[in-house]
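K.L.:
My questions will all concern the structure given below.
The values are calculated or read from the model by the stated rules, or taken from the named source; none is laboratory data. Keep in mind that what you see is a predicted model, and the values were worked out from it rather than measured. No Cβ is skipped: glycine too gets one built from the backbone with ideal geometry, and neighbour counts run over all protein chains shown.
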Amino acid sequence: MKNSIRNKISYVFLALVLIILMSSCSNKEELSEFLKSENSFESPVREYGSEEVININAGNFLAYIVYPKGDLNELDKVCKNWANETLEKYRNEMDSTGANLVISYNSHIVEDKYVVVGFHGEYYEEGYAHPVSFVSSFNANRSTGELLSISDFLTDEEIDRLKEYVIKEKKLEKENVDEDILSNWRVAEGGIEIILEKGKYLPESEGTIKIFASFDMLKNGKENVGKNEKKKTIDTKELENIDKAIDKSQEVTKEKTQKYDKVIALTFDDGPGSSTARLLDILKKNNVKATFFVLGSQIDSQSDLLPRMIKEGHEIGGHSWTHRSFVYLSDEELIKEIMQTRAKISSLTGVDTLIVRPPYGAVDDRVQKIGKTLGVHFVNWDVDTLDWKTRDAQSTYKAIINEAKHGNIVLCHDIHSSTVDAMENVIKTLLDKGYHFVTVSELLNMREDKVKPGEVYFNLY
Ligand code: NI
């Protein structure tokens, strides 16, 4: 199991490097330099042990969990237990049609004396407006292996002072502050770091908050002097240069698609799944082309379907590897999500796809900049069938037929059999109305302007 994961990772990495090297864009050297330069990315720090992976791919529940295993038994045990308990908790709570859970960690060795493991996770269930984020922290003595509590560092009085400091620093309402306010603590160089979970004490928009309090301040009331973490971001100058190079050379220049009076693009996300083969049969029978935004982690379950899609004239795009929202990922994680999926598609089909559908349609300026650097463009939709919610063929049919206009991109999910059930009638009605079914790239090639990397498209206009 472990070996197969390792093989998979090294294989994906090799494919990634190959794709970068073989990529036909003229700025390939800059791009590969950019991707190689370690300082450009906010990488996970893993100073303790090695990574253990739990990878669950059970129909509509996806989990990808990484936790550390090293030479401190107690620490390893609490980390493993916490990972498994969190997995069970979310798996049992899930009450909709699809969910995914991703947990990652950083580990630090502090002043040669302590090991700190900080977990961060994200859970998303279909129907949620945003993923739920959560954190957890474990601290251990590096030489004895003993797990540490905050009272190993601070007296009761100092703990109260720390609490007051957190409240004052973040202007928290006292009545909102509970017993758990200090529960996520991490020992840091010269002090204690408190992590406030996103949305727990402050509005969601504030994100996850780290507050550093120096021992000097807590013990002696001295000024709080400590290292303030600065987020590493991509150097903007570097990006601008790459942008310019791409603007000049990498506009997607495929031949213009034949003009039709009425075109529409059906898109299917989150697969391949158990109903995808049946969908392909229906599309083939009706000579209809569609676009599949596949999930990297799902591909192995139905990998033979990808070559079939290409052979039958469909288009394949990437929908990320783990279905995490791009806006919450570090630069490095985001690049991996896009490039691993792209590499996987390429390895099975020989096609290097440049279209990406972001999970939940979520992009921001940073995501777009990285998309531009990678030469991909983002494809959202303007007709949302809500098929994952209704799970009813008639509702899916109505949602499409009532809204269909020339130039639409329609969002469906081929992982739901009810969606596939709707397709025979959808196709028949739209053909009767004079529509021609095109792939996303065919549709975008009919635009007046040229399709550009990093841009987000919703339809023909
Ligand atoms: Ni999706």
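K.L.:
Of these, ARG357, ARG391, ARG366, ARG447, which one is modelled with pLDDT of 95 or more and basic (Lys, Arg)?
P.N.:
ARG357
Residues are listed down the side, and each one gets a yes or a no for (1) modelled with pLDDT under 95; (2) over 17 Å from GLY271 (Cα atoms); (3) outside the structural domain of PRO359 (by TED's automatic domain parsing); (4) surrounded by 15 or more Cβ atoms within 10 Å (Cβ to Cβ):
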position	(1), (2), (3), (4)
ALA404	no, yes, no, yes
MET423	no, no, no, yes
HIS436	no, yes, no, yes
VAL451	yes, yes, no, yes
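K.L.:
Let me ask another. I'd like the residue in the range 360-387 that is buried (at least 22 other Cβ atoms within 10 Å of the Cβ) and touching a His at 6+ places or on another chain (Cβ under 9 Å) and, out of all such residues, is farthest from VAL451 (Cα to Cα).
P.N.:
This residue is ASP387.
K.L.:
Give the range 173-199 a look and list any residue that's in a helix (DSSP H, G or I) and touching a strand residue (DSSP E or B) at 6+ places or on another chain (Cβ under 8 Å), or say none. Reasoning before the result, please.
P.N.:
Taking the range 173-199 first, the residues in a helix (DSSP H, G or I) are 174-176, 179-182.
Within the range 173-199, ILE181, LEU182 meet the criteria.
Residue by residue, here is whether (1) hydroxyl-bearing (Ser, Thr, Tyr); (2) more than 16 Å from the ligand (Cβ to nearest atom); (3) buried (at least 20 other Cβ atoms within 10 Å of the Cβ); (4) in contact (Cβ under 8 Å) with a residue 40 or more places away in the chain holds:
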site	(1), (2), (3), (4)
LEU329	no, no, yes, no
ARG342	no, yes, yes, yes
THR349	yes, yes, no, yes
ASP392	no, yes, no, no
VAL410	no, no, yes, yes
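K.L.:
Examine the range 182-199 for a residue that is loosely packed, with under 12 Cβ neighbours inside 10 Å and within 26 Å of THR86 (Cα to Cα), and state whether such a residue exists.
P.N.:
No, every residue in the range 182-199 fails to be loosely packed, with under 12 Cβ neighbours inside 10 Å and within 26 Å of THR86 (Cα to Cα).
K.L.:
Quick check: is even one residue across the range 356-366 of a type in the set (Phe, Trp, Tyr) and within 14 Å of the ligand (Cβ to nearest atom)?
P.N.:
For the range 356-366, residues of a type in the set (Phe, Trp, Tyr) and within 14 Å of the ligand (Cβ to nearest atom): present.
K.L.:
Would you check if THR396 is β-branched (Val, Ile, Thr), over 27 Å from SER133 (Cα atoms), buried (at least 17 other Cβ atoms within 10 Å of the Cβ) and in contact with a Cys (Cβ under 8 Å, 6 or more places away or on another chain)?
P.N.:
Judged against the criteria, THR396 is a match.
K.L.:
Just checking, how many residues over the range 345-368 are under 16 Å from the mean Cα position of the chain (by Cα) and either outside any helix (DSSP H, G or I) or among the basic types (Lys, Arg) (or both)?
P.N.:
In the first step, residues of the range 345-368 are kept if they are under 16 Å from the mean Cα position of the chain (by Cα); the result is 355-368.
Retained after the next criterion (residues that are either outside any helix (DSSP H, G or I) or among the basic types (Lys, Arg) (or both)): 355-358, 362-364, 366.
So the answer is 8.
K.L.:
What is the residue count in the range 304-318 for residues that are within 16 Å of the ligand (Cβ to nearest atom) and either part of a helix (DSSP H, G or I) or more than 15 Å from GLY454 (Cα to Cα) (or both)?
P.N.:
1
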